[in-house]
Amino acid sequence: MASHFFRQTASLTSTAIRSVPQRLGASLVTVIGITTVMAVLVSMLSLGQGVGYLGQTGARADHAVVISRGATSSLQSSIPRDWLGIASSAPGIKKDARGQPIVAGGLIFQTDAKTIKNQRASMGILGMSSSGLEFWTETKIIEGRRFQPGLHELNISAGARTRFKDHGLGDRVRIRGTDWTIVGVYTANGGFLDSAAIADADTLMSVLQRTAYSALYIVMDSPSSFPALKRTLESDATLQVEVKTESDNNAQATKAIQTVLDYVSYFIGGIMGIGAVCGALASLYAAVDTRRREIATLRAIGFSSGPVVISVLAEGMALAIPSALLGAGIAWFLFNGHVVAALQISFPLVVTAASVTTSIFWAISIALLGGLLPAIRAARLPVATALRAT
Amino acid sequence: MASIVSFKNVVKRYTRGKQKVEVLHGIDLECEAGEFLALMGPSGSGKTTLLNLIGGLDKPDQGEVNVSGQRLDRLSGGQLAKWRARHVGFIFQFYNLLPVLSAERNVEVPLLLTNLSRSQRKKNVAAALEVVGLSDRAKHKPAELSGGQQQRVAIARAIVADPTLLVCDEPTGDLDRETAEEILELLQILNKQHNKTIIMVTHDSRAADHASRRLYVDKGRLTTGDALHAA
């Protein structure tokens, strides 16, 4: 019995798909609709994926981040300056050449800036204490020199220099009434620092009249030191902190932005998807009407209605899956790897396998939703009437 | 000979808008195995409706329909589909072949509902095409065949699963006179040499001449015709 059902289904599906060229116009409605929706959806998702990628870029397994308890990431955290010394005595922290534990205080700050298109925007500045360069080893000066602690000097990323007006080497940037001179341009490894500037944390804190870092940044002996380090710091009654791996911290920092971007992507994709469902519906209704005689003949010969339903749905999917791949391919070709500046950061657009899988899932859903009613119509086709009408 | 088709007081109604229209009024019919029966009558008389009831494509609103020993009026849609697959071969006016399939693949379609192996299906298809004289056109698609050849393929499809009954709805209605004659002679061969019971709806009295008996349907009632040729 199962083999009968399979043979009927395979035969009906094969004839349905092979007859698609005879219904090219109607089928193209489905193909173009789904391709467009998936190209837009995957392009939009590449924003969120890009932000997520940015958060994970450069995160090292031997890096830990200490944030205040209750904060979700270093962006919302506040760590009093004197906790740096307490935290430095914890086990598993790597020592620098002078035998000092590598624990850097970091202050994250946003300052107003104008883009080269004269639009108002914000630029992130990371103030780092003396051990900072041991943590952020990926920053490489490509022009000028490093900032000097105690002086109002900045190093700016190559990305930020390109994005912001009057932010070149030697230019002055005003922060809370004080002029800071850009003395060097650096590149990082594609992470947050590639769209920001760096400065001495203590000098920045005095200008901002702050007494707390945003977070502490620790280089561990090895990734295996993390559990002991976490246990020690989180159980210390004098500290109210949480310890995360750099990867977790960055993921939390980008999660909110990614969530908003994904929400917008799915919202727009969903609206367009409804249109695509209607397109698939019209196209598959047309297919069923065109194949009315064919379906009625097969039903007369003895084919049952189940395989008829499956064949209509399969035709929809046969159109939808290649359309999804085509849409994702278009998005990949047009946008993958392009760097955009938005939400105060620069990040690459990334088309991932997950986005492509999502688009295929959406396309199949659109085909199933669009095909369901035509499939039911095909299955309920009154055979005698349909044969007479042809 | 035993009756292969037996109708007792069969009534069929269709719904048109809000009205129920009775198209067959208390039909009684007996058709013996091995007969070649022609059903004639004007358009709208109910002859195709009667043929659909015989072929299990439709169910009566009242009365008993017994075909090949099965009470069709008691079967569900799914059961009727299975019954049709085993017992009936259909031949339509416009051939109703699947345009994307070759002649041999079209003929194979009813065998997909059987337990036959691929090689056995191939043998049966070849035999059916041989009977209708189209072995050399097996690989051709319907669009590459003439109307007469397409109808021969449809006949091969109708007989390939060796049904007891062939149900033909205006099988020569779309053919020229000469080709129609060839098709009717082929049906006669199937009837006489292969012992197929054939029930054929036709407008054409010359087509009905090939049948062993003719009946007239007029305004939903069956009237007997003369017995024609002796089998």
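Quick notes on this structure:
- The residue of the range B:94-115 that is surrounded by the fewest Cβ atoms within 10 Å (Cβ to Cβ), among those that are free of Cβ contacts under 8 Å to residues at least 24 places away in the same chain and within 28 Å of B:Val5 (Cα to Cα), is B:Asn115.
- Neighbours by Cβ (under 7 Å, 6+ apart or cross-chain): first from the range B:137-166, closer than 21 Å to A:Gln22 by Cβ; second of a type in the set (Phe, Trp, Tyr) and outside any helix (DSSP H, G or I): B:Gln150/B:Tyr95; B:Ala154/B:Phe92; B:Ala154/B:Tyr95
- Checking A:Ala354, A:Ala341, A:Ala331 one by one, the residue that is closer than 18 Å to A:Leu47 by Cα, surrounded by fewer than 18 Cβ atoms within 10 Å (Cβ to Cβ), more than 14 Å from chain B (Cβ to nearest Cβ) and modelled with pLDDT of 85 or more is A:Ala354 and no other.
- Near pairs, Cβ below 6 angstrom, 6+ apart or cross-chain, from the range A:163-181 (free of Cβ contacts under 8 Å to residues at least 40 places away in the same chain) to any residue that is assigned to a loop (DSSP other than H, G, I, E, B): A:Thr178/A:His152; A:Trp180/A:His152
- Subset tally (residues that are surrounded by fewer than 17 Cβ atoms within 10 Å (Cβ to Cβ), in contact with a Phe, Trp or Tyr (Cβ under 8 Å, 6 or more places away or on another chain) and in contact (Cβ under 8 Å) with a residue 40 or more places away in the chain) for the range B:19-64: 2
- Condition check for A:Ala384: more than 40 Å from the chain's Cα centre (by Cα) and either assigned to a helix (DSSP H, G or I) or of a type in the set (Val, Ile, Thr) (or both): yes
- Of all residues in the range A:51-86, those that are modelled with pLDDT of 85 or more, of a type outside the set (Val, Ile, Thr) and assigned to a helix (DSSP H, G or I) total 3.
- Restricting attention to the range B:65-93, the residues that are among the charged types (D, E, K, R), surrounded by fewer than 23 Cβ atoms within 10 Å (Cβ to Cβ) and either within 11 Å of chain A (Cβ to nearest Cβ) or part of a helix (DSSP H, G or I) (or both) add up to 4.
- Segments classed as helices (runs of 4 or more DSSP H), wholly inside the range A:141-235, with at least 2 members that are loosely packed, with under 15 Cβ neighbours inside 10 Å: A:226-235
- Taking the criterion of being within 9 Å of another protein chain (Cβ to nearest Cβ), surrounded by 16 or more Cβ atoms within 10 Å (Cβ to Cβ) and over 18 Å from A:Phe303 (Cα atoms), the only residue of the range A:1-43 that qualifies is A:Ser19.
- Residue in the range A:302-311 that is in contact (Cβ under 8 Å) with a residue 24 or more places away in the chain, within 14 Å of chain B (Cβ to nearest Cβ) and outside any helix (DSSP H, G or I) present: yes
- Residue list for the range B:163-200, restricted to those being touching a helix residue (DSSP H, G or I) at 6+ places or on another chain (Cβ under 7 Å), farther than 21 Å from B:Glu30 by Cα and assigned to a helix (DSSP H, G or I): B:Thr179, B:Ala180, B:Glu182, B:Ile183, B:Leu184, B:Leu186
- The single condition among (1) modelled with pLDDT of 85 or more; (2) within 13 Å of chain B (Cβ to nearest Cβ) that A:Ile321 does not satisfy is (2).
- Among (1) in a helix (DSSP H, G or I); (2) in contact (Cβ under 8 Å) with a residue 12 or more places away in the chain; (3) not acidic (Asp, Glu), the one test that A:Val351 misses: (1)
The values are calculated or read from the model by the stated rules, or taken from the named source; none is laboratory data. The shown structure was predicted, so the numbers you read here are calculated from the model rather than taken from an experiment. Reconstructed Cβ throughout: ideal geometry from the backbone, glycine too, with neighbour counts over all protein chains shown.
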